[in-house]
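The values are calculated or read from the model by the stated rules, or taken from the named source; none is laboratory data. Being a predicted model, the structure only gives us computed values, none of them experimental. We place every Cβ from the backbone using ideal geometry, glycine too, and count neighbours over all the protein chains shown. Just so you know, the surface numbers come from the protein's heavy atoms only, side chains and all, with ligands and any DNA or RNA stripped out. Shrake-Rupley method; radii C 1.70, N 1.55, O 1.52, S 1.80 Å.
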Amino acid sequence: MNPNANKMKAAVLKGGSQVRNLRDFVLGKISMPRVQKGDVLVQVYACGFCQTDYKAITGKRALPILDDHIVGHEPSGVIVDVGEKVKDFHVGDRVAISPLAYCGECSQCRRGSAFTHYCQNAIVYGGDGPPKVQNGAFAQYIAVDQKSVYPIPDGISFEDAALLEPTAGAWKGLHNSEMGKGEDVVVIGAGGIGMLVALLAKKLGGGRVVVIDISQYVLSKASEWGIDHVVQPSEVTGKAAYTARDYQIITDHVCRLLGKQPDLVIESAGPPEAVGLMWNMVLSGRGIKGNVFGITTHEEIPVDCGKLHFAEPKITSSFNVSRYSLEQAMKVIEKGFRPSQIVTHRYRLDQIHDAVEMVSQPDRLKVMVYPNPDLYSGM
Ligand SMILES: [Zn+2]
Ligand SMILES: [Zn+2]
């Protein structure tokens, strides 16, 4: 008997402790996932490499489970098996997968499709967010609940489909921010998701878009892709890194570029200084919208309450994706938005450690992994 029958290639983060490191990240052959009644089995064609995956692999983020685990949560592929209760999907369907499976029955899910990311029984594929975790997609196959599956319209590539989830995250950030037509938007931090926010703001009818980022590579790409203004903080402040003392200098610079105050400022970077800069910009004007979008750590920033009173800002936030945002993002992709334009590096699954190394570098945007490169390499 062939010992490799029912086995698949996967990049496995070995278990034992919640905080893993690069030594625990190994390529190997493991048992194929089995479909439960409501699941589909998908042969993975493309999977985005998210910063969250990098944090888990390098020990910067604890996983809620001690078991061996497969990360990777931005996949697309083709259905090769369906559970007995699956009616709407069939073998051969091209699909994108959302990493968040919701129950559809709890009080949050019953509020509607815009609230599924609040699900009290949520499961996450690839391991970020809810405590219940199942294997992700840096593997040749993944089994997922049918509610996590979205058909890929004709003419849309597996790469664009794999980036449905980050596109939905960016769409939801702008939607929660209530960006109006023609409004000037500042995006602080334009790594993968921030760049999608900036590009989507233009696509969805925003006015001028200003991108602030510390990477010259990212800024040159932003200019190439039609972003109106790019700002590297060190060129404005003369310092390698900006702190609270530099917020006003950068704010003044942005207002000079626009000739007015911005209408919306979205923090999509992560460090508390980026949130501080967003607050400063918003509190420096009148009636400016701000969104706390990138930070996930538990830092506090001081707020001048008098300024807050007179500035009348409208502060929102956004995390994860809902079913509604995924459906809306697919419509935007159908109308010609191409998230794959931000893909700068592509790797086969057996080159996964090269992919990890690339994600650690500043001169890149989206990194993609191809678990079945004989079928689809995206190149
Ligand atoms: Zn992600
Ligand atoms: Zn639920």
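Would you report the distance distribution of C-alpha pairs in the chain as whole percents per 10 angstrom bin, up to the bin with the largest distance? Bins of 10 Å from zero give 5, 24, 32, 24, 11, 3, 0, 0 percent of pairs.
What relative contact order, as a whole-number percentage, does the chain give when Cα pairs under 8 Å and 6 or more residues apart are counted?
17 percent
How many percent of the alpha carbon pairs in segment 190-256 exceed a separation of 15 Å? Of all Cα-Cα distances in segment 190-256, 51 percent exceed 15 Å.
Between residue 136 and 70, 71, 126, the built amide H atoms are under 5 Å apart, and every one of these is 5 or more places off in sequence or on another chain. Normalised size of segment 169-317, defined as Cα radius of gyration per 2.2 N^0.38 Å with N residues, equals 0.93.
Here the extension length gained between residue 309 and residue 60 equals 85.9 nm, from 0.36 nm per residue of separation less the Cα-Cα distance.
Between residue 121 and residue 334, the FRET efficiency estimated from the beta carbon spacing at R0 = 30 angstrom works out to 0.45.
Computed with a 1.4 Å probe over protein heavy atoms only, the accessible area of residue 377 comes to about 40 Å².
Considering only 106, 119, 305, the mean-square fluctuation computed in a Gaussian network model of the chain, springs between alpha carbons under 10 angstrom, is largest for 305. The calculated 222 nm mean residue ellipticity attributable to helices in the chain amounts to -8000 deg cm²/dmol, summing -39500 (n - 2.57) over DSSP H runs of n ≥ 4 and dividing by all residues. D by Stokes-Einstein for segment 33-154, Kirkwood Rh over Cα pairs, 37 °C, 0.692 mPa s: 224 µm²/s.
Pull out a ≥ b ≥ c, the square roots of the eigenvalues of the alpha-carbon gyration tensor of segment 122-174, then state rounded if a/c is under 1.5, prolate if not and a/b is larger than b/c, and oblate in the remaining case.
Values: a/c = 2.00, a/b = 1.26, b/c = 1.58.
Oblate, since a/c reaches 1.5 and b/c is not below a/b.
Counting DSSP beta bridges in the chain, what percent are antiparallel, to the nearest 5? If we restrict to bridges inside the chain, about 55 percent are antiparallel.
Under a Gaussian network description of the chain, with springs only between Cα atoms under 10 Å, the residue in 222, 269, 311 that fluctuates furthest is 311. Checking understanding here: applying a Kyte-Doolittle mean of at least 0.5 and a length along the axis of at least 15 Å (C-alpha), which whole DSSP H helices in the chain pass? For the chain, where a helix must reach 15 Å along its axis and average at least 0.5, the hits are 192-203, 247-258, 272-283.
Considering only 125, 150, 217, the Gaussian network model of the chain with Cα springs below 10 Å gives its largest mean-square fluctuation to 217. Relative to one another, the C-alpha centroids of segment 1-77 and segment 189-230 are positioned 32 Å apart.
Just to confirm a number: summing +1 for Lys and Arg and -1 for Asp and Glu over residues other than residue 312 whose beta-carbon lies under 11 angstrom from that of residue 312, what do you get? Show your work: numbers first, answer last.
Values: positive: 286, 289, 307, 314; negative: none.
Net of charged neighbours comes to +4.
At q = 0.15, 0.25, 0.31 Å⁻¹ the log10 of I(q)/I(0) for segment 158-206 amounts to -0.36, -0.92, -1.25, computed by Debye summation with a single uniform scatterer per C-alpha, solvent ignored.
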